[in-house]
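This report concerns only the one structure given below.
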Amino acid sequence: MKTAQVHTLVLGSGAAGLAAAVRLHAEGVEDVLVLTEGLHCGTSINTGSDKQTYYKLGMYGDDGDSPGLLARTYFDGGSMHGDLALVEAALSARCFANLTNLGVPFPRDEYGQFIGYKTDHDPLQRATSCGPYTSREMCRVLMAELERRKIPVLEKRVGVALLTLDEERGRRACGCMAVPRTGGDFEAYLAENVVFAVGGPGGLYAASVYPAVHTGAIGLALAAGARARNLPESQFGLASVKFRWNVSGTYMQVLPRFISTAADGVSDEQEFLLPAFDGDAGRMNSMIFLKGYQWPFDVRKYPDGSSLIDVLVHRETTERGRRVFLDFRRNGAGLDFAALQPEAYEYLRRSEALSGTPLERLERMNPGAVALYREHGIDLAVEPLEIAVCAQHNNGGLAGNLWYESENIRRLFPIGEVNGSHGVCRPGGSALNAGQVGAFRAAEYIAGCCREATLDRAAAEQAAIRCCRELQTMLQGKRNWKADRWELRRRMTQYGAQLRDAGRLPEAVAAARAQYEAIRREGYPAADAAEGLRNVQLCLAHLVYLEAIAFQAASGCGSRGSALVLDRNGKPVPEDEHFRELVLETGWDGNRVVSRWRERRPLPTCDGWFETVWRRFREKEIYRETQS
């Protein structure tokens, strides 16, 4: 086992992890190491959408906005702590300005104002974008700054365990165990602080729009005992599966033809949507158009809104075993532009797109959307585009405090999607803001309160030795890691996605536990160390997620957000809105999953006095309630 020590270890190199490393260095914490599978392997640099959104404080014209108003929008989404809502609102402008100063080309007018538009769950025009690859642009400028500051990055490493110590003040993080992605000895990285920026649960679902190179690693923190929050609150939506990409925005607004086929992808072609709309092609196409705006599955838009389309696609693929495609080559049966609802008709009229095929409309309205698929080997003029309802984002994650430190493991700072700051609904694009805010907050707190050396090196080395021995016991078996991963992914898509059968969730949980125990007991070959040990944490994570989902359903929370809960008769369970005033906390104690509801904290009252706040800032009182 190789051992190294660093002051602050950053696990992950997405937009949040990169921002944390850069900000730490700017705050004077120069002994920083970024440990990653690869700078080009995360979600941030490999994902996007028709117009990938960054949500921020309003900065245009005379539209009134403030941190308080933005925090209220976050808070109104339900099951989000008010103080976290205010933090993400308060740092919005600062983090956005930092990205523009580094070179992200967000659009602005001749007066320097940053123009905005409305996104989902957004009462004002706060959203912005620099195109389909906004998060990629963020990563590129942050990488350039990382290089300029000469911050070291160690690539091709897979984290396989978090190292912790039990001290008088409670458990603390003290580093990470890793293995080279291509094979080799275990490596222990000891650290005063661990910034945990490993992204969302990309490896948990069979139907997923997360990049194939991203699996996530929340299971490492769960295994270490880190508390989680709101794990059942995810987002799901229509996406292509050959090349993983959200088919939102213009892809829907041009009214593609929805078809399904037998499993061979060719025979028994059907336009399967129309019967569900009682043959009303005008209403069906209007709902297809609205999927551009209303991309995430939303129980409030089912069965009388656009989310009916998601359910129909899911049933074709999951229940009937068929394949679903978007055909841009010709119009669907019964298309009559005059029969569209006014919003859809007017949009297409003003876009000069009331004629031709869906592909011709797409070329006119957004030629880059066509080019994007062509660049990835898919010609929409030649072949239909296979789609499914896919997992896209987890609003929940690990429970962090105001400074993005884990609520129950000191010196562990979950940031980015792995931090569960949001609840039921959040404005589209707010995740990019949340990741930058978390990076700034964690860096400021580490620089202000966690700079001094406190780690007992000898104790940390012993923890690493014990961990290494335990990991080695799981590398003496013969299990097939690919089969295990497919099994857990299929289970999550069947039971833990947008349709959740309350009566069958207990059997899903039992199967997940049986698989996890079998993996721990039987193990993998040593040659499969990286992927085998990745399976261990993924399997634990899917068990904890399913337990949390089952607990939420059994509590009577009902259908909300992007999850439709069905009773034993297959009927939707209505939401009990009382639960929007609560957050769901979940943890793994080493043997079982424990969940509980907790009242959410209210929005803070902002009635500060300048001289008082200035004094508290000078004397570092702003850190004291959560100081490690």
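The values are calculated or read from the model by the stated rules, or taken from the named source; none is laboratory data. Not measured: the values here are computed from a predicted model. Positions of Cβ are generated from backbone atoms using ideal geometry, with glycine treated the same way; all protein chains shown enter the neighbour counts. Only protein heavy atoms, including side chains, enter the accessible area calculation; ligands, DNA and RNA are left aside. Shrake-Rupley method; radii C 1.70, N 1.55, O 1.52, S 1.80 Å.
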Name the single residue, out of those in the stretch 178-212 being in a loop (DSSP other than H, G, I, E, B) and of a type in the set (Val, Ile, Thr), that is farthest from GLU444 (Cα to Cα). THR182
For the stretch 160-170, check the following and say yes or no: at least one residue is open to solvent by 10 Å² or more (accessible area, probe 1.4 Å), at pLDDT 95 or above, out of contact with any His (no Cβ under 7 Å at 6 or more places or on another chain) and assigned to a loop (DSSP other than H, G, I, E, B). no
Candidates TYR373, TYR404 - the one that is out of contact with any Asp or Glu (no Cβ under 7 Å at 6 or more places or on another chain) and buried (at least 23 other Cβ atoms within 10 Å of the Cβ): TYR404
Got at least one residue in the stretch 377-384 being open to solvent by 10 Å² or more (accessible area, probe 1.4 Å), acidic (Asp, Glu), at pLDDT 95 or above and part of a helix (DSSP H, G or I)? no
Hey, can you tell me all the residues within the stretch 1-49 that are of a type in the set (Val, Ile, Thr) and at pLDDT 95 or above? THR3, VAL6, THR8, VAL10, VAL22, VAL29, VAL32, VAL34, THR36
State yes or no: is GLU343 closer than 30 Å to CYS449 by Cβ, open to solvent by 10 Å² or more (accessible area, probe 1.4 Å) and part of a helix (DSSP H, G or I)? no
May I ask you to list the residues in the stretch 48-88 that are in contact with a Ser or Thr (Cβ under 6 Å, 6 or more places away or on another chain) and either surrounded by fewer than 18 Cβ atoms within 10 Å (Cβ to Cβ) or assigned to a helix (DSSP H, G or I) (or both)? LEU84
Consider the stretch 519-544. How many of its residues are more than 19 Å from GLU37 (Cα to Cα) and open to solvent by less than 10 Å² (accessible area, probe 1.4 Å)? 9
Filter the stretch 208-223 for residues that are crowded, with 24+ Cβ neighbours inside 10 Å and among the small types (Gly, Ala, Ser); the one that is nearest to ILE549 (Cα to Cα) is GLY219
Kindly list the number of the only condition in (1) on the phi > 0 side of the Ramachandran plot; (2) in contact (Cβ under 8 Å) with a residue 60 or more places away in the chain; (3) in contact with a Pro (Cβ under 7 Å, 6 or more places away or on another chain) that fails for GLY558. (2)
I'd like to verify a number: residues in the stretch 254-274 that are part of a loop (DSSP other than H, G, I, E, B), open to solvent by 10 Å² or more (accessible area, probe 1.4 Å), touching a residue at least 60 places away in the same chain (Cβ under 8 Å) and under 19 Å from ILE288 (Cα atoms), how many? 1
For the stretch 132-140, check the following and say yes or no: at least one residue is more than 24 Å from THR43 (Cβ to Cβ), in a loop (DSSP other than H, G, I, E, B), at pLDDT below 95 and not polar (S, T, N, Q). no
